[in-house]
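Chemist: Sharing a structure with you now.
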Amino acid sequence: MDRRSVVAVDRGLEHLEAPSLQLRIEDRVLRERPRGLGAVVTDEDASGPALEVVEDLPEARAMDRVKVATRGRIRGSGIVDDHGREGSTEPAVGVGHREQLIAQGEVDRHPRRIGRGSSVGAVDEAELQDAGLYDPTAPNAPDRLALLRWIADHGVGTERMVEAQKSASLTGLVADLVIRPGERFTLVEAARRAGLTPEQVQRVWQASGFRPADDETPSLTEDDVETFKAFRFAAEMFGWPATVQFTRVIGSSLARIAEGAVSLFSVNVEAGLAEQAAGELALAKANLEATNVLSGLRAVLDILFRDHVEAAITRLRATRVEGQPYGTARVAVGFVDLVGFTPLSLTMPTPELAAIVEDFEGRAADVVVSHGGRVVKLIGDEVMFVSIDSAGACAIALDLVDEFRSSARVAPRGGVAYGIVITRGGDYYGPVVNLAARIADLAVPSEVLVSAEVAEFDVSFHFEPAGRRLLKGFSEPVPLFAASR
């Protein structure tokens, strides 16, 4: 029977398997990192133990029967082959989640032998009862015991299970360990490894959207350290204030993506399992499966980010005005909201209200991008968008009004203004933005009001004078026009 092995250097390094390859010891890795290597897991023949976990690779090297051959590298929780191609988010063939967690340092590493046919999950029921994890008289006792054994199969000890139960996160424990694997460092340790001061690391960490890191508690991973290094290099090019501000943009954007991912699972998977009374084990397995699927988002985010960078560069070149300060652009800004949404939200059941919001956001985004615009933000019943010209912005606003005109519950209205705006952190500021927002507030249901600049330069639509209005924040009455096709 072929022998399979897995080796990891922290998160790094080599995630290996060798069924029928010419076996060799990774001498380079051993020379560079003679101590502190993660673990070796060996699947031996049927006559021997199924698994043997070794604390240190030099110790394994001295064991004649343990040999390893390079198969790929860890990237996130996936495998990358020698040509840099992204593989499955699952570990290599024959390597289970327990082996992956051992390699990443998230489970017990004490040397142990487990005979074939038994499992790490062969936990003592009395110990589980004493820990308050298991009650054999409870209605869900069989499912709870199966859950605890499954968790133990992934190398998680009783103490950590108790901690998870206190925070009602027992069913997510194994998945949680996969999200941020690896050794943890204190703030001071992470700063030293990143070549920064603790104050600088704290500043970057908070700008990323997280509460201050505790000075004494190891909470930062090797991946976090690499992130701090990247921001150090960025600060050398752009300066610390600008880099910290950009970090806030990244943090807030990723926070929304993360919240969306968690909501996606909760609404579309967890709710269904609860309705089916599928039990704790089913939920725990679904948590782990979803976490492994989400790990594939790294590649997706990288690709989409590059696509959006290209689009942003094109938009910048089209809207930059010679003689105007850098960080400004001439664009059309629009707002469209739904009249009647607020009183509706006070009486409508949550699922129906969520459906209306999702429908509005989805249709608004589709309309905006179909006209070459960009959604700046969505706030429940309101969308803010920009377009490189006033014709595109008017088309967007009028199409959105048409999309929801037939609704019996809400009525759309909008406002569009055109001119020089300040661009910072992916958002837009200045009098033109304020004007567009104020105009939208004045519009009656199913109406789109525009500023004089839009009516003057856009010949694609018909504009009826709508009077001069005194708007909040503006010292003089502002002439407005009603747009139509």
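The values are calculated or read from the model by the stated rules, or taken from the named source; none is laboratory data. Quick caveat: nothing in here was measured; it's all calculated off a predicted structure. All Cβ positions, even for glycine, are placed from backbone atoms using ideal geometry, and neighbour counts span all protein chains on display.
Chemist: What's the number of the only condition in (1) over 16 Å from the mean Cα position of the chain (by Cα); (2) under 30 Å from GLU127 (Cα atoms); (3) modelled with pLDDT under 95 that ARG180 fails to meet?
Modeler: Of (1) over 16 Å from the mean Cα position of the chain (by Cα); (2) under 30 Å from GLU127 (Cα atoms); (3) modelled with pLDDT under 95, only one is false for ARG180: (1).
Chemist: Among the candidates SER266, SER253, which residue alone is farther than 30 Å from ALA138 by Cβ, polar (S, T, N, Q) and either buried (at least 17 other Cβ atoms within 10 Å of the Cβ) or out of contact with any helix residue (DSSP H, G or I) (no Cβ under 9 Å at 6 or more places or on another chain) (or both)?
Modeler: Exactly one of SER266, SER253 is farther than 30 Å from ALA138 by Cβ, polar (S, T, N, Q) and either buried (at least 17 other Cβ atoms within 10 Å of the Cβ) or out of contact with any helix residue (DSSP H, G or I) (no Cβ under 9 Å at 6 or more places or on another chain) (or both), namely SER253.
Chemist: Search the stretch 324-333 for residues being loosely packed, with under 13 Cβ neighbours inside 10 Å and not aromatic (Phe, Trp, Tyr), and hand back the single one that is nearest to VAL454 (Cα to Cα).
Modeler: Among those residues, the one meeting the criterion is GLN324.
Chemist: ALA286 passes all but one of (1) part of a helix (DSSP H, G or I); (2) in contact with a strand residue (DSSP E or B) (Cβ under 8 Å, 6 or more places away or on another chain); (3) not basic (Lys, Arg); which number fails?
Modeler: Unmet condition: (2).
Chemist: Looking at GLY425, GLY380, GLY419, GLY415 in this structure, which one is modelled with pLDDT of 95 or more and at positive phi?
Modeler: GLY419
Chemist: Filtering the stretch 453-475 down to residues that are under 16 Å from ASP389 (Cα atoms) and under 42 Å from the mean Cα position of the chain (by Cα), which residue is modelled with the lowest pLDDT?
Modeler: ASP458
Chemist: Restricting attention to the stretch 158-188, which residues are among the basic types (Lys, Arg) and outside any helix (DSSP H, G or I)?
Modeler: Scanning the stretch 158-188 gives ARG180, ARG184.
Chemist: So the check is Cβ under 8 Å with 6+ separation or different chains; which pairs have a first residue in the stretch 262-276 that's in the same structural domain as ASN287 (by TED's automatic domain parsing) and a second one that's among the polar types (S, T, N, Q)?
Modeler: So the pair list comes out as PHE265/ASN287.
Chemist: Condition first: more than 15 Å from ILE396 (Cα to Cα) and either polar (S, T, N, Q) or not assigned by TED's automatic domain parsing to the domain that holds VAL386 (or both). Now tell me which residues in the stretch 450-477 satisfy that.
Modeler: Within the stretch 450-477, SER451, SER475 meet the criteria.
Chemist: Scan the stretch 405-431 for residues that are under 33 Å from the mean Cα position of the chain (by Cα), among the hydrophobic types (A, V, I, L, M, F, W, C) and surrounded by 21 or more Cβ atoms within 10 Å (Cβ to Cβ) and report the count.
Modeler: Counting residues in the stretch 405-431 that are under 33 Å from the mean Cα position of the chain (by Cα), among the hydrophobic types (A, V, I, L, M, F, W, C) and surrounded by 21 or more Cβ atoms within 10 Å (Cβ to Cβ) gives 2.
Chemist: Filtering the stretch 279-323 down to residues that are basic (Lys, Arg) and closer than 23 Å to PHE385 by Cβ, which residue is surrounded by the most Cβ atoms within 10 Å (Cβ to Cβ)?
Modeler: ARG315
Chemist: Next up: What pairs can you find where one residue is in the stretch 332-361 and under 22 Å from VAL376 (Cα atoms) and assigned by TED's automatic domain parsing to the domain that holds VAL386, the other is assigned to a helix (DSSP H, G or I) and hydroxyl-bearing (Ser, Thr, Tyr), and their Cβ atoms are less than 8 Å apart, with a gap of 6+ or different chains?
Modeler: Note: pairs meeting the criteria are ALA332/SER390.
Chemist: Quickly run through the stretch 417-426 and pick out the residues that are in a strand (DSSP E or B) and either in contact with an Asp or Glu (Cβ under 8 Å, 6 or more places away or on another chain) or not hydroxyl-bearing (Ser, Thr, Tyr) (or both).
Modeler: ALA417, TYR418, GLY419, ILE420, VAL421, ILE422, ARG424, listed by residue number.
Chemist: For the stretch 128-157, give me each residue that is free of Cβ contacts under 8 Å to residues at least 60 places away in the same chain and surrounded by fewer than 17 Cβ atoms within 10 Å (Cβ to Cβ).
Modeler: Correct list: GLN129, ASP130, ALA131, GLY132, ASP135, PRO136, THR137, ALA138, PRO139, ALA141, PRO142, GLY157.
Chemist: Considering each residue of the stretch 320-331, count those that are more than 15 Å from ALA417 (Cα to Cα) and in contact (Cβ under 8 Å) with a residue 12 or more places away in the chain, and give that number.
Modeler: Residues in the stretch 320-331 being more than 15 Å from ALA417 (Cα to Cα) and in contact (Cβ under 8 Å) with a residue 12 or more places away in the chain: 4 in total.
Chemist: Within the stretch 451-469, is even one residue hydrophobic (A, V, I, L, M, F, W, C), closer than 27 Å to ARG363 by Cα, touching a Phe, Trp or Tyr at 6+ places or on another chain (Cβ under 7 Å) and assigned to a strand (DSSP E or B)?
Modeler: Yes - at least one qualifying residue is present in the stretch 451-469.
Chemist: Pick out the one residue from ALA234, ALA191 that is without any contact (Cβ under 8 Å) to a residue 24 or more places away in the chain, in a helix (DSSP H, G or I), surrounded by 14 or more Cβ atoms within 10 Å (Cβ to Cβ) and over 21 Å from the mean Cα position of the chain (by Cα).
Modeler: ALA234
Chemist: Only one of THR243, THR227, THR291 is hydroxyl-bearing (Ser, Thr, Tyr), assigned to a helix (DSSP H, G or I) and within 30 Å of PRO139 (Cβ to Cβ); which?
Modeler: Being hydroxyl-bearing (Ser, Thr, Tyr), assigned to a helix (DSSP H, G or I) and within 30 Å of PRO139 (Cβ to Cβ) holds for just one of THR243, THR227, THR291, which is THR291.
Chemist: Sticking with this one: Using the structure shown, decide if LEU353 is within 28 Å of the chain's Cα centre (by Cα) and surrounded by 15 or more Cβ atoms within 10 Å (Cβ to Cβ).
Modeler: It is true that LEU353 is within 28 Å of the chain's Cα centre (by Cα) and surrounded by 15 or more Cβ atoms within 10 Å (Cβ to Cβ).
Chemist: Could you pull out the residue among ASP402, ASP441 that is within 17 Å of VAL478 (Cα to Cα), of a type in the set (Asp, Glu) and over 32 Å from the mean Cα position of the chain (by Cα)?
Modeler: Going through ASP402, ASP441 in turn, just one is within 17 Å of VAL478 (Cα to Cα), of a type in the set (Asp, Glu) and over 32 Å from the mean Cα position of the chain (by Cα): ASP441.
Chemist: Restricting attention to the stretch 203-227, and to residues there that are aliphatic (A, V, I, L, M) and buried (at least 20 other Cβ atoms within 10 Å of the Cβ), which single residue is modelled with the lowest pLDDT?
Modeler: If we take residues in the stretch 203-227 being aliphatic (A, V, I, L, M) and buried (at least 20 other Cβ atoms within 10 Å of the Cβ), then ALA213 is modelled with the lowest pLDDT.
Chemist: Residues that are under 19 Å from SER484 (Cα atoms), at least 3 per element: which helices (runs of 4 or more DSSP H) completely within the stretch 299-416 meet that?
Modeler: Hits in the stretch 299-416: 350-370, 390-404.
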